[in-house]
Amino acid sequence: MGAATDDAVKQLGLLMDQVEAPLRRTFQNVHQGYPKETLLRFLKAREWNVSKAHKMLVDSLNWRIQNEIDTVLERPIVPVDLYRSIRDSQLVGLSGYTKEGLPVFAIGVGQSTYDKASVHYYVQSHIQINEYRDRKILPMLTEKFGRPVTTCIKILDMTGLRLSALSQMKMLTSISTVDDLNYPEKTETYYVVNVPYIFSACWKVVKPLLQERTKKKVKVLHGCGRDELLKIMDYSSLPHFCHREGSGSSKHSSTDADDCFSLDHPFHKELYSHIEEQASHKELIKMGSLHVSIPEPDPDDAKIVQVIEAEFQKIGEQNGSTTNGHKV
């Protein structure tokens with residue numbers, strides 16, 4: 001790190017030393033013993049402006065306290081059949097690790113329907129995965145490699161993306177806003193695979209609106225991206241939808257143990273068991289979903305959403321408003 005970076009980290013660290021005790025306690029849950037790395041993430045997210053990074057971090061810590069995020073891993077989504085429905089409609093999972101030891105999270109963007117539960121359950125589940133990653137997986141990797149491992153990579157599968165995804169925009173915006181404001185700079189690279197025309201058209205108009213930092217993180221790969229991804233991970237860590245060209249992210253294209261989206265995959269089994277175990281230490285399991293307040297998105301992000309919606313609308317008009325035809 002350069003002198004200017006060191007100075008910014010030092011300034012932000014001094015400001016954080018002055019916050020009230022409850023904020024300091026939840027900050028420990030965030031940084032997991034590596035405060036400098038966390039300060040760096042928030043500084044990057046605010047273009048190295050110490051004052052803005054400080055506000056962002058304090059706002060995030062207050063959000064954690066107000067929404068009981070520190071105890072979210074003590075709140076299982078019950079019954080388990082409801083959680084299975086969420087896993088079948090919010091396609092996300094840990095498929096393995098890169099050769100450098102970063103977790104590989106797969107996301108089935110095109111085939112996630114978000115239609116089996118309320119928005120609150122989907123947001124709760126997403127936050128639980130984030131917290132399990134940050135409090136269990138990354139500390140385990142940090143200990144294993146003897147150096148801070150604080151980020152991951154994500155592989156976004158666009159198989160099945162249709163104009164009907166416009167109806168999920170509010171849900172996706174809620175989840176991305178939670179990530180942008182409270183888990184900034186946790187993803188090293190986004191690899192986009194199995195890209196249909198509708199994504200290519202949207203990417204063309206959205207890319208110029210993104211910050212340079214974000215543009216550099218997004219890599220759109222040819223086909224299922226297998227050959228490119230094998231340069232940074234072993235075959236065993238590839239998500240099931242990257243195993244062969246044209247495989248897609250069909251829920252029936254592999255066994256449940258191989259399908260990293262499935263509740264029967266080892267990652268989701270371990271996650272759900274961990275939450276159940278944490279809950280068992282409490283006298284009363286809180287029933288129902290966790291109603292997390294969704295912060296207002298950044299104006300620039302809101303503009304991007306509007307551009308995507310407009311592009312979807314335009315494509316729909318060009319194709320006679322077809323939402324499930326072959327043209328899109």
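The values are calculated or read from the model by the stated rules, or taken from the named source; none is laboratory data. Please read all numbers here as calculations on a predicted model, not as lab measurements. Cβ sites come from the backbone with ideal geometry, for glycine too, and all protein chains shown count toward neighbours. Remember, those area values only see protein heavy atoms, side chains included, never the ligands or the DNA or RNA. Shrake-Rupley method; radii C 1.70, N 1.55, O 1.52, S 1.80 Å.
May I ask you to derive the FRET efficiency for Ser118 and Ala3 from their Cβ-Cβ distance with R0 = 41 Å, giving the value to the nearest 0.05? Walk me through the numbers on the way to the answer.
Working: r = 49 Å, r/R0 = 1.21.
That pair, Ser118 with Ala3, gives E of 0.25.
Per-residue ellipticity at 222 nm from helix content only, as computed over the chain with -39500 (n - 2.57) for each DSSP H run of at least four residues, stands at -14500 deg cm²/dmol. Each label point was placed 7 Å from the Cα along the Cα-to-Cβ direction; for Val78 and Asn49 their separation is 4.6 nm.
A viscosity of 0.890 mPa s and a temperature of 25 °C, combined with the Kirkwood radius over Cα pairs in Stokes-Einstein, give a translational diffusion coefficient for segment 1-67 of 207 µm²/s.
What accessible area per residue comes out for the chain, rounded to a whole number of Å², with a 1.4 Å probe? Numbers along the way, then the final one.
Details: 16150 Å² over 328 residues.
Result: 49 Å² of accessible area for each residue.
Taking every alpha-carbon pair under 8 Å whose residues sit at least 6 apart, segment 1-67 reaches a relative contact order of 39 percent. Within the accessible surface of the chain, defined with a 1.4 Å probe on protein heavy atoms only, the carbon and sulfur portion equals 51 percent. Packing around the peptides 169-182, 304-317, taken as the average count of other Cβ atoms within 10 Å per residue, puts them in this order, highest first: 169-182, 304-317.
Please give the residues of segment 22-59, grouped as numeric ranges, whose backbone N is less than 18 Å from a label point set 7 Å along the Cα-to-Cβ vector of Glu277. Label zone hits: none.
Rounded, prolate or oblate, given the Cα gyration tensor of segment 35-85, with a/c below 1.5 counting as rounded? Prolate. Could you work out the local net charge near Lys10, counting Lys and Arg as +1, Asp and Glu as -1, over the other residues with Cβ closer than 13 Å to its Cβ? Net local charge, Lys10 excluded: -2. Counting only DSSP beta bridges whose two residues both lie in the chain, roughly 30 percent are antiparallel.
The Kirkwood hydrodynamic radius of segment 1-113, based on inverse pair distances between different Cα atoms, is 16.8 Å.
Shape summary of the chain, radius of gyration then Dmax from alpha carbon positions: 19.9, 59 Å.
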